[in-house]
1. Given axes a ≥ b ≥ c from the Cα gyration tensor, I'd like to know whether the stretch 231-319 is rounded (a/c under 1.5), prolate (a/b larger than b/c) or oblate.
2. Mean separation of Cα pairs under 8 Å and 6+ residues apart, divided by the residue count of the chain: what relative contact order is that in percent?
3. HN-Hα J couplings of the stretch 169-181 from phi, Karplus 6.51/-1.76/1.60, θ = phi - 60°, integer Hz, Gly and Pro as x?
4. With the cut-off at 1.5 for a/c, could you classify the stretch 73-131 from its C-alpha gyration tensor as rounded, prolate or oblate?
5. Looking only at the stretch 412-538, where both bridge partners belong to it, what percent of the DSSP beta bridges are antiparallel (to the nearest 5)?
6. Relative to a virtual label point 7 Å from the Cα of Val162 in the Cα→beta-carbon direction, which members of the stretch 379-410 show backbone nitrogen distances below 13 Å?
7. In terms of the Cα gyration tensor, with a ≥ b ≥ c the square roots of its eigenvalues, is the stretch 148-238 rounded because a/c is under 1.5, prolate because a/b exceeds b/c, or oblate?
8. How far apart, in nanometres, would the label points at Leu289 and Ala362 be if each is projected 7 angstrom from Cα along the Cα-to-Cβ direction?
Amino acid sequence: MPEIEPGRGGILVVVALYETKPSESAAFQTLTAAAHSVGENVNPAWVLFYDNTLSNAVAEDTPQGALYQRALRNEGVAGAYNYALNFAKQNGFDWILTLDQDTQVPHDYLRCLLSIVDRLEGVTDVGAIVPHLCQEGRVLSPIRIRPWGVRYLPPPSAGFGVGEVHAFNSGSLFRRSALEQIGGFDDRFWLDYQDASVFRRLYQCGKRVYIADRLRLEHQLSLISDQPMGPARFQNYLLAESAYYDMSRGSLAGLVLTGKTLWRFCQLLAKKRGPEIRKLAWAGLLRRLLRSRRARVEEWRRDLGERMPGAEEAWEGRNNGERPRISVCMAAFNGSLYIAQQLESILVQLGSDDEVVVVDDASSDQTAEKILGVGDTRIRLLRHERNCGVLRTFEDALRAASGRILFLSDQDDLWDPRKVETVLEAFRTNPYVSLVATDNALIDSNGALISKSYFENRGPFRQGLWANLIRNRYGGCTMAFRAEILSEVLPLPHGYDVLHDIWIGVRNSLSGRRALYIPEPLVLNRRHGATATGKGRLGFGRRLRLRAHLLLSLAAFQIRKGFL
């Protein structure tokens, strides 16, 4: 395998090993041929072997040009992939290719992947690039998730999947920044249902899955193969499957799983599988029929604690114990007069790993030059070739964001020095809250105070559709929310006269999530002649139009989501 120096922004390949020497794994043997087909002068990837074998692991067997890491205990694929994610971040790899040790890669696999990566370089919301996986002609993945089941997407399905698309981990290429946004691979699903967990969270954060028609892999799924999994693995699979549905899917999907569990038991009886497997399948069926959702999840957690001590604590610590990465999303248009001041008031509050995503909506003034003149590498400037409007500009900023907490920002305001830490503390102390809004003060073009509270005369903050249909309580420049709600707000409603702030706030409420209001003016909202807001009270006709279009766009969004 060709060697590559770190920091080149390429692909890191991670192969999870168990009781197999690195050089004997089918993944490495076929990947070597795939690398040579790219060309001698191209260094497409580094290979990292992560060995979960607890004894007799032989690092000396590692092929030249590859890396080897031995686990202190069997951490499953989650441990291998999270180690690779940390390694990729430290060494500048932008993509991570995950492979099972027995996956056979076609000779043109890397060449096709590199071609797709190059073609999608400017598409900022790509979370993963996946192949078609088949077993003896039967399509295994990718699949489209629906409330009542799944739909398999066989060849020649290609391009961006519509709705929530899942695939198997093996053979999938993940964008590193997308994995960082979702908190990495879930340690709790250390082996089974890890792929469902990671693709579910990518979807929730608004990341799309690209299906590569030319990439096809043969995969052996032990659940349906002639050599099925053993009793211990089968028990782990049943518990993980039930826990995933109970924690991540709705009631209808849970009923579908119960029916699937009954069908599986009948199949095992028909195939005359061993008595221990049939006993476990029967117990799994009774668990779905007779026990509550909470009791099933608790049983899974007890089993997880015995099999993988510390896995749940590691997951909770990584997602709740550390300061989350922040993305500030700003829509800019002809804002050269104030945008540098606003950026400086924001950047001083951010950490070294945070970012400000600015989308310039084809400004005709010096907006882009002012942004670049700030000279901060945490600013990501994206440009529209033509003017697309506020809604599309904010949507592009949200899709490009890689933070776990997203702040909205106008181009001409100023942030109070306490804004970021105050909002983060609100999220930290209220884990059930997905959106935080604050009060804001009003200033004029020279920075002089006009009003110390924007909401003082608008009544108390209230969430929900009907309260905001009467009077909008959401101010976009004051809002921050968790990235996990993006699947409930994207795409923003094109073709309707709808404000982005009320759309995000109302969609958050309609999806069953909660908002929190901080009655402190943490934004100095500038009012001037060129501002997009605050030019006086809207006329009756426009106000009626906004409310009618909000209802229509909400209905259209729900219908579209139901049919995906």
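Just so it is clear, none of the values below were taken in a lab; they were calculated from the coordinates. A quick note: this is a predicted structure, and the numbers were derived from the prediction, not measured. Backbone-built Cβ (ideal geometry, glycine too); neighbour counts: all protein chains shown.
1. It is oblate, given that a/c is not under 1.5 and a/b is not larger than b/c.
2. For the chain, the relative contact order is 11 percent.
3. With the stated coefficients, the stretch 169-181 comes to 5, 5, x, 8, 10, 9, 6, 4, 5, 5, 5, 5, 5 Hz.
4. In terms of gyration-tensor shape, oblate.
5. Values: 6 of 15 bridges.
Bridges in the stretch 412-538 that DSSP calls antiparallel: roughly 40 percent.
6. none
7. Note, shape of the stretch 148-238 comes out oblate.
8. Going from the Leu289 label point to the Ala362 one covers 6.3 nm.
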